[in-house]
């Protein structure tokens, strides 16, 4: 694959957004595929970015190896595998546009409710297995289709009232697991071509540096402000998804 100057600009920006998400700011990854889709098809963009996600995951896992909620992961991770399987099985009949619209509507409704009806950080509550299985399945499905599993995951995770570091660590570990599982169906569908891998290798350095920047940002931003930023970013990205479809 060959990219011109503008293509490389969008590709590097997409890689940086991936790295920041793995540093603990998961909602930012929602702009990665749309950015790269400005210079290639969304399907090709998703395939190109998966190896960048995998490498960034390694840095994120090391950074947040002690900060996560084991019970939440045990509920959501198996459900995400089911969602990935559904995405693989329906890859030929479900369009990226419809998935984008679904994710955008869900994220917008949740973010608006959080902004206008409840505080940005909810009171801690035990994870609900039923809700975790449902939203975990949706997150796995949308992540498989367009790397946009963040909004469904946040709809489930934000009301749990986790601390900002536990939220960041749990998010990073969950999506590292999801991305590893996605390697098999992506390879089977031919989205991990040698041409894609060549460009992906060049994007791994800026992504890795962005992981460190994301970890630093999470640790220095006050917790209330952190979750307000997450919710407003969720709203912005969700509205962008709806606008892109319409």
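For the reader, a short list of remarks on this structure follows.
- Choice from 184, 52, 72 with maximal GNM fluctuation in the chain (Cα, 10 Å cutoff): 184
- GNM flexibility winner over the chain from 199, 94, 55 (Cα, springs under 10 Å): 94
- Pairwise Cα inverse-distance average, inverted: Kirkwood Rh of the chain (Å): 17.6
- Three-way shape label, region 48-177, alpha-carbon gyration tensor, a/c 1.5: oblate
- Segment residue 70-residue 212, extension gain: residue separation times 0.36 nm, minus the distance between their alpha carbons: 48.8 nm
- Label-point separation in nm, residue 128 to residue 189, each point 7 Å along Cα→Cβ: 3.0
- Kirkwood-based shape ratio for region 108-246, expressed as Rg/Rh from alpha carbons: 0.99
- Each helix, a run of at least 4 DSSP H residues, gives -39500 (n - 2.57); summed and divided by the residues of the chain, these come to -26000 deg cm²/dmol at 222 nm.
- Gaussian network model of the chain, springs between alpha carbon atoms under 10 Å - residue of 77, 46, 180 with greatest fluctuation: 180
- Förster radius 22 Å - calculated FRET efficiency between residue 38 and residue 197 (Cβ-Cβ, nearest 0.05): 0.55
- Every Cα-Cα pair in region 1-83 was counted, and those over 22 Å apart are 33% of them.
- Relative contact order for the chain, counting Cα pairs under 8 Å that sit 6 or more residues apart, in percent: 39
- Extension gain, residue 243 to residue 219: 0.36 nm times the residue separation minus the Cα-Cα distance gives 5.4 nm.
Bear in mind that the values in this text are calculations on the coordinates, not laboratory data. Keep in mind the model is a prediction, meaning the values are calculated, not measured. Cβ coordinates were reconstructed from backbone atoms using ideal geometry, including for glycine residues, and neighbour counts include every protein chain displayed.
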